[in-house]
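Participant: Sharing a structure, written as structure tokens. Questions coming.
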């Protein structure tokens, strides 16, 4: 599960990528499905947008059980193939989250793709239902409840989850009162069905895709529901597809993911010559972190401008979680540990505008709560949190705790999709060996579920997002070759 903070940086650009009223630049090819709408491409607005990127909207049913009822809009974007003579089709960039958008990705991460891939495909982004500038939702949450350390259900210093249950009820109630009817129709299955409407509107009989983090689950569900409409599918940093738990399994995955990756931070944070060195040896870093978190539990340091306005133990723990996503973020955690040891704080971290946080948080909560019913028993959460705190002190019980879904007022509208080996063998999973958010153990469960449909490329690297980000040359080359030529290893592969 991607944290809210993991997607909001892109939103600073994405939220500005609104559609204009300019005349269409080009028309799409004939729709592949009878009756499917064509797209009318307009120039996109917003800073950082490649001038080649075009924007459009696709009209989809709000409720797929009532296809003739109310319609909503899903915003899409594209940069056309850079060499039409060799164009193969469309490559959909499926965002993480839940709550992430890929609307700006054709201009951003899409430009990291090698030339032969950019020649072969139109690069397609979209803002999933509920996210601006698609038909959007919000819950009007209290400002304090938008803090990432509140969104992730860190227990109180003594392990109590009473406040977490209060926050869960407050968020669920706000979403029920202010989210409108659409809040009930935001789920992974709805997103997968929207993707198929995008495919049809693009005029493509089959769709290639590159899904990252939560986008791997979306991509897996799409591949399960519409196997004949898939071309080359890359799933990068993979979620556990357990249909009995869904997002509960992703949250629980932080226990293993943090244990897998923290030793890499400890080695870096104790290296001689590191200006942000926190300890003399790697063995000292873990107990130092736990000591600082415990001290901040008892004696928070005021932090003006931050949310919350103090550096407490859970803020340090959340910073640890955020910082393990990429080695480039390690200095953030080290600097905060050094400041906490001195009894000081750095400048308050920048955050996206509140309307963006409100929108992203609403979509995230709706997706994970509508995908599956979560347990209601406070006693069950207390027991799970206690066991987790004992066995995984770095994550302090958070991965087993109650989120808003424990009080969500709406039952799921459909059962979670079970991923099976039924369908074409056209899927490649790429996975870092050490990933804090989507650990290798969960990725292997997705690999097993797909059976002969997939091959898996395990990369000897650390961090979240492998392909063209935190992986290595071998993994990048293997994925690029598959996208460009269709060539996959004959069996699962390890990239040293």
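Participant: Name the one entry in 176, 156, 172 that is under 24 Å from residue 380 (Cα atoms), assigned to a helix (DSSP H, G or I) and modelled with pLDDT of 95 or more. Full working, then the answer.
Facilitator: Details: 176 fails: under 24 Å from residue 380 (Cα atoms); 156 fails: assigned to a helix (DSSP H, G or I).
The unique qualifying residue is 172.
Participant: Right, another one. Please list, ordered by first then second residue, the pairs with beta carbon atoms under 9 Å, 6 or more apart or interchain, first in the stretch 183-195 and on the phi < 0 side of the Ramachandran plot and at pLDDT below 95, second surrounded by fewer than 22 Cβ atoms within 10 Å (Cβ to Cβ) and part of a helix (DSSP H, G or I).
Facilitator: Taking only residues 6 or more apart or on different chains, not a single pair turns up.
Participant: Sticking with this one: If we only count strands (runs of 3 or more DSSP E) wholly inside the stretch 426-496, which ones have 2 or more residues that are crowded, with 18+ Cβ neighbours inside 10 Å and touching a helix residue (DSSP H, G or I) at 6+ places or on another chain (Cβ under 9 Å)?
Facilitator: Correct list: 427-434, 454-462.
Participant: Additional query: Take the stretch 318-350 and flag every residue that is more than 23 Å from residue 145 (Cα to Cα), within 21 Å of the chain's Cα centre (by Cα), outside any loop (DSSP other than H, G, I, E, B) and touching a residue at least 40 places away in the same chain (Cβ under 8 Å).
Facilitator: Across the stretch 318-350, the qualifying residues are 327, 330.
Participant: Right, next: Name the residues in the stretch 186-219 that are part of a helix (DSSP H, G or I), buried (at least 24 other Cβ atoms within 10 Å of the Cβ) and within 22 Å of the chain's Cα centre (by Cα), would you?
Facilitator: Hits for the stretch 186-219 are 188, 190, 191, 195, 199, 214, 215, 216, 217, 218, 219.
Participant: Any idea which of 152, 88, 118, 129 is buried (at least 21 other Cβ atoms within 10 Å of the Cβ) and farther than 25 Å from residue 412 by Cα?
Facilitator: Sole residue among the options that is buried (at least 21 other Cβ atoms within 10 Å of the Cβ) and farther than 25 Å from residue 412 by Cα: 118.
Participant: Which of the residues that make up the stretch 325-350 are closer than 15 Å to residue 290 by Cβ and either surrounded by 16 or more Cβ atoms within 10 Å (Cβ to Cβ) or touching a strand residue (DSSP E or B) at 6+ places or on another chain (Cβ under 8 Å) (or both)?
Facilitator: 333, 336, 337, 340, listed by residue number.
Participant: From the list 251, 202, pick out the single residue that is modelled with pLDDT of 95 or more and either closer than 20 Å to residue 126 by Cα or in contact with a strand residue (DSSP E or B) (Cβ under 6 Å, 6 or more places away or on another chain) (or both).
Facilitator: The match here is 202.
Participant: Give the residue that is nearest to the chain's Cα centre (by Cα), with candidates limited to residues of the stretch 297-317 that are surrounded by fewer than 21 Cβ atoms within 10 Å (Cβ to Cβ) and outside any loop (DSSP other than H, G, I, E, B).
Facilitator: In this case the residue turns out to be 310.
Participant: Being surrounded by fewer than 24 Cβ atoms within 10 Å (Cβ to Cβ) and not in a strand (DSSP E or B) is the filter here, so list the residues in the stretch 222-239 that pass it.
Facilitator: Scanning the stretch 222-239 gives 224, 225, 226, 227, 228, 229.
Participant: Going by the structure shown, is residue 353 within 19 Å of residue 151 (Cβ to Cβ), modelled with pLDDT of 95 or more and surrounded by fewer than 16 Cβ atoms within 10 Å (Cβ to Cβ)?
Facilitator: Values: within 19 Å of residue 151 (Cβ to Cβ): yes; modelled with pLDDT of 95 or more: yes; surrounded by fewer than 16 Cβ atoms within 10 Å (Cβ to Cβ): yes.
Yes.
Participant: Return the total of residues in the stretch 166-179 being over 23 Å from the mean Cα position of the chain (by Cα) and over 18 Å from residue 410 (Cβ atoms).
Facilitator: Total satisfying the criteria: 1.
Participant: Kindly check whether there is at least one residue in the stretch 266-275 that is surrounded by fewer than 15 Cβ atoms within 10 Å (Cβ to Cβ), at pLDDT 95 or above, in a loop (DSSP other than H, G, I, E, B) and in contact with a strand residue (DSSP E or B) (Cβ under 8 Å, 6 or more places away or on another chain).
Facilitator: Within the stretch 266-275 (the criterion being surrounded by fewer than 15 Cβ atoms within 10 Å (Cβ to Cβ), at pLDDT 95 or above, in a loop (DSSP other than H, G, I, E, B) and in contact with a strand residue (DSSP E or B) (Cβ under 8 Å, 6 or more places away or on another chain)), the answer is no, since none of the residues qualifies.
The values are calculated or read from the model by the stated rules, or taken from the named source; none is laboratory data. Here the structure is a predicted model, which is why all the values come from computation and not from measurement. Counting neighbours? That spans all protein chains shown, and the Cβs are built from the backbone with ideal geometry, glycine included.
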